[in-house]
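The values are calculated or read from the model by the stated rules, or taken from the named source; none is laboratory data. Predicted model, so just to flag it, every value in this text is computed and none were measured. Positions of Cβ are generated from backbone atoms using ideal geometry, with glycine treated the same way; all protein chains shown enter the neighbour counts. Just so you know, the surface numbers come from the protein's heavy atoms only, side chains and all, with ligands and any DNA or RNA stripped out. Shrake-Rupley method; radii C 1.70, N 1.55, O 1.52, S 1.80 Å.
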Amino acid sequence: MTLRSVVTGVGHYLPSRVVPNSAFEATLDTTDEWIRSRSGIERRHFAEKGETTSQMGTAAAQNALEMAGIGPDDLDAIIVATSTADLTFPSAATMVQSALGMTRGFAFDVQAVCAGFVYALGNANALIVSGQARRVLVVGAETFSRIMDWTDRSTCVLFGDGAGALVLEAQEGAGGSDDRGILAVDLHSDGAHRDLLYVDGGVSTGTTGYLRMQGNQVFRHAVEKLAQTAETAMERAGVGAGDVDWVVPHQANIRIIQGTAKKMGVPMERVVVTVQDHGNTSAASIPLALSVGHARGQIKRGDLIVTEAIGGGLAWGAVVLRW
Ligand code: UT7
């Protein structure tokens, strides 16, 4: 028998303020048409003033716990994937822990920017299969609206805020690709490309800073690296493109999503797409898409899912799991 990390709950939270592309036309030299055609984004949610990453993460977590049918003290650990924690420290995860009323276990953040959720899943899986935790809450939550330069049309129209969460639980599997749960993880980073996507502030500058991105350079890396990591993870899981029920990609750009699916040999009918409604929510985009895909009735128990993401670092990776 093999220990598997099985999804028993999923949930999400989106702030109520929805901003359409046309809202940027008044202040920037941009158009709804440019944003739609270059990125696939039509609208995004922005947090209200005072609404924080940990609050959104907590709301998503409560929904996931409800679906799992467990309380906060049934969890052994919380991992929050975020680059926009409320404060430099403590971690957003400890804030979520306290807001949920969890009085035991441990909580920490994972910071791998847009790849954060696949990194967090990899870490949660390692805790579970090594026997260090039986139930882990994995949250992706971001308020990228707080690190936008609103005068930079090449970045500020692309990002949004939100949160998603999964509950993972240790269950015995037979050891094959028919098992439910995480079947394979593949993670990479290459700091040589750190200047392509970064925030120009932090502890060393004494400022929060703003996101800076050479979008077309990131784009160039994205499709190739995403298809490669997805294929590696699928090979490790012992599955092929024909076995995949859903690709649930990081939602940065519809053209990257389409290019990667094509390279993977998976038709777009089997890709969960939310980028039009959420924009790029960084580490929150995959759990948001999983939760929305589940709520839409697309993702069902037993489905084989491939998630993949790339972002600042560069950091990238993929996870293959059976729902
Ligand atoms: O999630 C983390 C990883 N990030 C990503 O995956 C993002 C990857 N990159 C992208 O999604 C795309 O590169 C963008 C959507 C950011 C840009 O699309 P692109 O087709 O690569 O355009 P570009 O950056 O090559 O820019 C084309 C033109 C430029 O004008 P010139 O130099 O050709 O005159 C830009 O100045 O589009 C211009 N431009 C805009 N025009 C209208 C850039 N932003 C805008 C805008 N409205 N908002």
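Only one entry of 35, 70, 78 meets the criterion of being of a type in the set (Val, Ile, Thr) and closer than 20 Å to residue 256 by Cβ, and that entry is 35. Of everything in segment 68-105 that is of a type in the set (Ser, Thr, Tyr) and within 21 Å of the chain's Cα centre (by Cα), the residue that is nearest to residue 133 (Cα to Cα) is 94. Just to verify a result, which residue in segment 67-121, among those that are aromatic (Phe, Trp, Tyr) and buried (at least 20 other Cβ atoms within 10 Å of the Cβ), is nearest to residue 286 (Cα to Cα)? It comes out as 117.
The set of residues from segment 203-237 being at positive phi and either in contact (Cβ under 8 Å) with a residue 40 or more places away in the chain or of a type in the set (Phe, Trp, Tyr) (or both) comprises just one member, 209.
Residues checked against (1) among the aliphatic types (A, V, I, L, M); (2) under 22 Å from residue 280 (Cβ atoms); (3) open to solvent by less than 30 Å² (accessible area, probe 1.4 Å):
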site	(1), (2), (3)
152	no, yes, no
167	yes, no, yes
174	yes, no, no
182	yes, no, yes
185	yes, no, no
203	yes, no, no
219	no, yes, no
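On the stretch given as segment 21-40, residues that are more than 6 Å from the ligand (Cβ to nearest atom) and either more than 9 Å from residue 157 (Cβ to Cβ) or small (Gly, Ala, Ser) (or both) total 12. Regarding segment 258-272, can at least one residue be identified that is within 18 Å of residue 162 (Cα to Cα) and open to solvent by less than 30 Å² (accessible area, probe 1.4 Å)? Checked segment 258-272: at least one residue is within 18 Å of residue 162 (Cα to Cα) and open to solvent by less than 30 Å² (accessible area, probe 1.4 Å).
Please verify whether residue 185 is in contact with a strand residue (DSSP E or B) (Cβ under 6 Å, 6 or more places away or on another chain) and more than 16 Å from the ligand (Cβ to nearest atom), treating the condition exactly as stated. When the stated conditions are applied, residue 185 passes them.
Checking 224, 308 one by one, the residue that is open to solvent by 40 Å² or more (accessible area, probe 1.4 Å) and of a type in the set (Asp, Glu) is 224 and no other.
Do the conditions hold for residue 94, that is, is it at pLDDT 95 or above, assigned by TED's automatic domain parsing to the domain that holds residue 142, outside any loop (DSSP other than H, G, I, E, B) and among the polar types (S, T, N, Q)?
So residue 94 fits the description; yes.
Listed by position, the strands (runs of 3 or more DSSP E) contained in segment 1-51 that have at least 2 residues being within 26 Å of residue 181 (Cα to Cα) and open to solvent by less than 60 Å² (accessible area, probe 1.4 Å) are 2-13.
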